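Have a look at the structure below before the remarks.
The values are calculated or read from the model by the stated rules, or taken from the named source; none is laboratory data. Because the structure is a prediction, the values reported are computed rather than measured. Cβ placement follows ideal geometry from the backbone for every residue including glycine, while neighbour counts extend to all protein chains displayed.
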Amino acid sequence: MNSAENNLVSAAKIDASCRVPLLALFGGAALWLVVGLLLAVLASLTFHAPEMFAHCPFATYGHLAPAANDLLVYGFAIPAGLGVLLWIFARLSQAELVLPLIPVVAANLWHLGVFIGLATILCGGSSGFTWLEFPRAAAMLLGVSFVLIAFSAVATFGQRKARELYPAHWFLLAALLWFPWIYSTANLFLVTTWPVRGVTQAIINWWFADNLIFVWLALVGVGVAFYFLPKIAGRPLHSRFYALFAFWTLILFGTWIGIPQGAPVPAWLPTTNAFASLLLVIPLIAIAVIVFKTVWGAPTVCKGGPFCYLRFGMTAFILSGLMLIASACPEHARTVEFTWFGQAQTQLQILGFFAIVIFGAIYEILPRLLDGGLPFPKFVRVQHWFFMLGTLLLVGSLAFAGVKQGRAAYDPAAAIMGLRIATMGWTFFLFGSLLFAVNIFVMTIRWKLALAKTVIAYIKSPLETSEVKP
Amino acid sequence: MRNGFAVFFAVVVALGGSWLGFVVAPTVQLGKAKQALILNSTDTWPQQRTGEATLGLQVYRANGCAACHTEQIRQDGVAAEVTLIALNKTKPEDFKAFVQSLFILPELAKVTNTLAATLNGWKGDLPTTILVTDDKAVADAMSDRLKAAGVKSETHIVATGEDIPRWGIRRSVAADFLYDFPVQLGNLRVGPDLADVGARLPDANWQLQHLYAPTLSVTNSAMPSFKFLFDVRKIGSAPSPDALNLPKQFAPADGYEVVPKLEAKELVAYLLSLRADAPLYEAPFSPITSAKP
C-alpha cells in the first residue's frame, strides 16, 4: 500500500463525521416543512370559508401565507440545502467534515431563528417585505448561522485532495457566497430604523426575492443535481464545458430579474428585467441539454428512488424558468402580472424543483449516515408520488387561476376554483412531507437509543481485571 | 475554473453587477427624491400622511394586507379626449353633416372611421365624447374646427389602461410612496388595487363595515373578516357614536353594539389617505383636480 492510498479517508468515516450536523439540519428542516405546509393548507382554506378565522388575529391569510412561505424557504429549503452541501463537500474533498461541532451549533441557532421569526410574523411583527418578514433578531441569527456553516463547508473544501474543482463545486460555492451578500444587503437596507426612501424599498425587495428564490435555489438545486445525476446514472456529466457555460450565464442573467413590468419605478428597471429574462433562456437550454445527455439512456432504473426525484426536479426547474420568462415578457406580463401565475412559479421553484431535488439527495445520503438505513424505505416511493401529484395540482391550478384571473380583469371570482384545487395540492405536499418526517425522526430516535445503550453498556461493564490490584 | 478564487471572482462580477444596478443605482437615483410639483399648480405632492394614517400603515403591514392587495396602478399611455359640451344653435343633424364634411381633411384621416362610428350612435345628448385619440395634434385640429363652427368643446388628457378608471385615474408613480415605510406595493391582486382607494371609496363608515363583514358590501367576497379589530359590547347609557350601523343579519344581539378598536380606525384612516389623484409631470391628466384630501 503506498502513501497516497493511506491518505484517503474511507467513505464510511466521512459519512460518520457528517452524521450529527446533517441530522440536526435535516431534522429541523423536516419539522419546519411539515409546519409550513400545515400553515399553507390553513391559509388556503380561507378561499373555502373566508369567515373561518374572523376572531383569530394570527390565523388570517395575511399572517399565515407569509409565515408558510418563510418556513418553506428559511425553515426547510436553506438548512436542507446546506446539509446536502456539507456532505457533498466532504465527499468531493475525500476528507472528513472539518469542525463538525460548528454546523451542529449553527443548525440549532438557525432553527431558533426560524422559530423566533415564525412567532413574530404570527403576532403581527412582520417587517412587511416579501421573504424578509423575519424581525432583526431572527435575521441576525440566520445570518450568523449561515456564515458559521459556510465556514465549516469552506474549511472542508480546503482539505480536498484533488485541487481541480468539479462543476458541483462552482454552483455550491457560489451559493455560499450569494446568500450572505443578498441577505445582509436586504436586511441592512430594509429591516432597519433607517430604511432607504420610497419605492427603492420595493426595488431592493424584488431584487432580493429574485436572488433568493430563483438564483440561490437554482445554484444549490442544480449543483446538487450535477453531483448526484452522474453518480446515479453511472456516467460522467455531459459536459464540463456546458456546465461552465450554464454556470456563468445563470449567474449573469438570473440576477437581473424581479421588477414587475408596470411597477412605479424608473422605466429602465423593468426594461432591464425583461431583457435579462429573455437571456435566461440560454442557461435553461444549457442545463436542459446537460441533464438530458447525462440521464438519457443510462442503465439505471428509477423505481421511485432518488433518480426519479432528481429527474422530476430538474424538469420542474426548466419549467419554472420558462414560467419566469413568460411572466417577464412585456407582451404577456400584462395578463399574468399580479395574478396567481407568479405564485405558481414561486411554488414550482421551491417545492416542484428545489424540494424534490433535495429530497432525492437526502434519500441518497440518509441510508449512508446511519447503519440501519431508512426505517420505512417504501415511503420514499410513496412520497415521490405525493410530491408529483402535489406539484401538478398546486402549480397547475394556480397557473390556471392566474391566467383566468388576468383575462377576467382581476375578477376575484375567476380564480376561486383554481385556489380550491390548490388546497388539494398543498395537502398532497403535506402528506408527502409527513412521510419524510416520520422516516427521519424514527431514524434519529433509533440512533439515539443505540447510542444510549452503548454508553450504558460501557458504564456498566466491569473494569478490566488487570487494572484491579489485589 | 480551477480554484475557489475563480468562483469568488465569478460571483463578484455577476452579483456585484446586479447589486450595483438594482440596489445602488436606484438608491442614488431616488434616494434624494423630493416632493413633486402638481401640474398647473404650486402645490407639492405627496402630502405627509396624518399621524393616524401613518399608524394605520403599520396595521396594514402587521395584518399582511399586501399579501392580497397591490398599491400600484398600471397605465398603457395617455389619450386626448375631445368632448362636445354645447351645440349652441347648431342642430345635431347639421353637426353630424358638418363633421362628415371634415373627413376629407388629411389631418383627420386617421380617425375618420372611429368618428363616423361614434356619431352614428349619437342621439344628440350632451356632453358627449366624440373623439379619443393618442395623437394630441389630431385632437387639437378637431377642436379648432369645432371652435370655428361655433360649437363648444373641451379637450382633456386622460390616462388609458386596464386599471383605469376602475381603480384610479392615473398610474402610480414613485413620488406617491415618498414617505412610506414599509412601502407596500404588493405582488398579487386577490382583491382590488388600493393605490387610489381613498379617492374611490371615501366613506369611512363603508370601510369599517367592509372590514367587519366583507360580504355585507361585496357579495361573495373572498376577503377574510377582520372582526378582531372590533369590540362587541353591551350598550351603556347611550349608544356609542362610533358604533357601526349594520343590517339585521350582520348585527350583534339586541342590546349590543359593534365598536371599532383603535387599530380599525387607524387602518381606515390609512386606507382613506391612499390617493393617486394629482396630475404630475410624469403622470399627466386633465382636468386638474385638487390634491388636497
Considering residues of region B:128-160 that are out of contact with any Leu (no Cβ under 8 Å at 6 or more places or on another chain) and assigned to a helix (DSSP H, G or I) only, the residue farthest from the other protein chains (Cβ to nearest Cβ): B:A148
Answer with yes or no whether B:N245 is within 29 Å of the chain's Cα centre (by Cα), exposed (fewer than 12 other Cβ atoms within 10 Å of the Cβ) and more than 9 Å from chain A (Cβ to nearest Cβ). yes
Given the condition closer than 23 Å to A:A49 by Cβ and either in a helix (DSSP H, G or I) or of a type in the set (V, I, T) (or both), answer yes or no: does some residue in region A:370-392 qualify? yes
Within region A:109-121, is there a residue that is part of a helix (DSSP H, G or I), touching a residue at least 60 places away in the same chain (Cβ under 8 Å) and under 30 Å from A:I416 (Cα atoms)? yes
Restricting attention to region A:164-181, report how many residues are surrounded by fewer than 19 Cβ atoms within 10 Å (Cβ to Cβ) and more than 7 Å from chain B (Cβ to nearest Cβ). 1
Check off (1) buried (at least 21 other Cβ atoms within 10 Å of the Cβ); (2) in a helix (DSSP H, G or I) for A:A95 and give me the number that stays unchecked. (2)
Assess whether B:A53 counts as being over 27 Å from A:E337 (Cα atoms), part of a helix (DSSP H, G or I) and within 25 Å of the chain's Cα centre (by Cα). yes
Kindly establish whether A:L72 is touching a Lys or Arg at 6+ places or on another chain (Cβ under 9 Å), part of a helix (DSSP H, G or I) and surrounded by 19 or more Cβ atoms within 10 Å (Cβ to Cβ). no
Quick check on region A:40-76: of everything there that is more than 12 Å from chain B (Cβ to nearest Cβ) and not hydroxyl-bearing (S, T, Y), which residue is nearest to A:W110 (Cα to Cα)? A:G75
Answer from B:V78, B:V13 - the residue that is within 18 Å of the chain's Cα centre (by Cα) and outside any loop (DSSP other than H, G, I, E, B): B:V78
Among (1) within 21 Å of the chain's Cα centre (by Cα); (2) in a helix (DSSP H, G or I); (3) buried (at least 20 other Cβ atoms within 10 Å of the Cβ), the one test that A:G258 misses: (2)
Conditions (1) farther than 22 Å from A:I350 by Cα; (2) among the polar types (S, T, N, Q); (3) at pLDDT 90 or above: number failed by A:T465: (3)
Could you please let me know if B:F22 is away from chain A (no Cβ under 14 Å) and in contact with a helix residue (DSSP H, G or I) (Cβ under 9 Å, 6 or more places away or on another chain)? no
Scanning region A:257-316 residue by residue, those under 22 Å from A:V220 (Cβ atoms), among the polar types (S, T, N, Q) and out of contact with any Pro (no Cβ under 7 Å at 6 or more places or on another chain) turn out to be A:S277, A:T315
Could you list, in sequence order, all residues of region B:214-240 that are within 11 Å of chain A (Cβ to nearest Cβ), part of a helix (DSSP H, G or I) and in contact (Cβ under 8 Å) with a residue 12 or more places away in the chain? B:K227, B:L229
Within region A:54-67, of all residues that are touching a residue at least 12 places away in the same chain (Cβ under 8 Å) and crowded, with 24+ Cβ neighbours inside 10 Å, the one farthest from A:W131 (Cα to Cα) is A:T60
Which numbered condition trips up A:N205, out of (1) in contact (Cβ under 8 Å) with a residue 60 or more places away in the chain; (2) on the phi > 0 side of the Ramachandran plot? (2)
Just a yes or no: is a residue in region B:14-36 within 30 Å of B:A139 (Cα to Cα) and either at pLDDT 95 or above or aliphatic (A, V, I, L, M) (or both)? yes
Determine if region A:254-269 includes at least one residue that is closer than 19 Å to A:F317 by Cβ, touching a residue at least 60 places away in the same chain (Cβ under 8 Å) and within 10 Å of another protein chain (Cβ to nearest Cβ). yes
Please enumerate the residues belonging to region B:161-183 that are part of a loop (DSSP other than H, G, I, E, B) and either in contact with a Gly (Cβ under 6 Å, 6 or more places away or on another chain) or within 24 Å of A:A399 (Cα to Cα) (or both). B:G161, B:E162, B:D163, B:L178, B:P182
Quick check: is even one residue across region A:122-136 within 14 Å of chain B (Cβ to nearest Cβ), surrounded by 23 or more Cβ atoms within 10 Å (Cβ to Cβ), modelled with pLDDT under 95 and on the phi > 0 side of the Ramachandran plot? yes
Which of the residues belonging to region B:25-50 are surrounded by 14 or more Cβ atoms within 10 Å (Cβ to Cβ) and in a helix (DSSP H, G or I)? B:A25, B:P26, B:T27, B:Q29, B:L30
Step by step: first the residues of region A:270-282, then only those that are more than 8 Å from chain B (Cβ to nearest Cβ) and more than 13 Å from A:I325 (Cβ to Cβ), then the one that is surrounded by the most Cβ atoms within 10 Å (Cβ to Cβ). Which residue is that? A:P270
Here are some conditions: (1) within 14 Å of chain A (Cβ to nearest Cβ); (2) assigned to a helix (DSSP H, G or I); (3) more than 30 Å from A:G418 (Cα to Cα); (4) of a type outside the set (S, T, N, Q). B:L211 meets all but one. Which one does it not meet? (3)
Expected output for region A:146-159 (first residue more than 11 Å from A:P103 (Cβ to Cβ), partner buried (at least 21 other Cβ atoms within 10 Å of the Cβ) and of a type outside the set (A, V, I, L, M, F, W, C), Cβ below 9 Å, 6+ apart or cross-chain) is A:F157/A:S93; A:F157/A:H169; A:G158/A:S93; A:Q159/A:S93
Matching residues in region A:305-324 - criterion: being crowded, with 19+ Cβ neighbours inside 10 Å and either farther than 14 Å from A:V291 by Cα or aromatic (F, W, Y) (or both): A:P306, A:F307, A:Y309, A:F312, A:F317, A:S320, A:G321, A:M323, A:L324
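To keep it simple, each residue is scored yes or no on (1) aliphatic (A, V, I, L, M); (2) modelled with pLDDT of 95 or more; (3) surrounded by 21 or more Cβ atoms within 10 Å (Cβ to Cβ).
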residue: B:A137; (1), (2), (3): yes, no, no
residue: B:L146; (1), (2), (3): yes, no, yes
residue: B:G150; (1), (2), (3): no, no, no
residue: B:I157; (1), (2), (3): yes, no, no
residue: B:E162; (1), (2), (3): no, no, no
residue: B:G168; (1), (2), (3): no, no, yes
residue: B:A175; (1), (2), (3): yes, no, yes
residue: B:V190; (1), (2), (3): yes, no, yes
residue: B:R200; (1), (2), (3): no, no, no
Every listed condition ((1) touching a Leu at 6+ places or on another chain (Cβ under 6 Å); (2) of a type outside the set (G, A, S); (3) at the interface with chain B (Cβ under 8 Å from one of its Cβ atoms)) holds for A:L85 save (3)
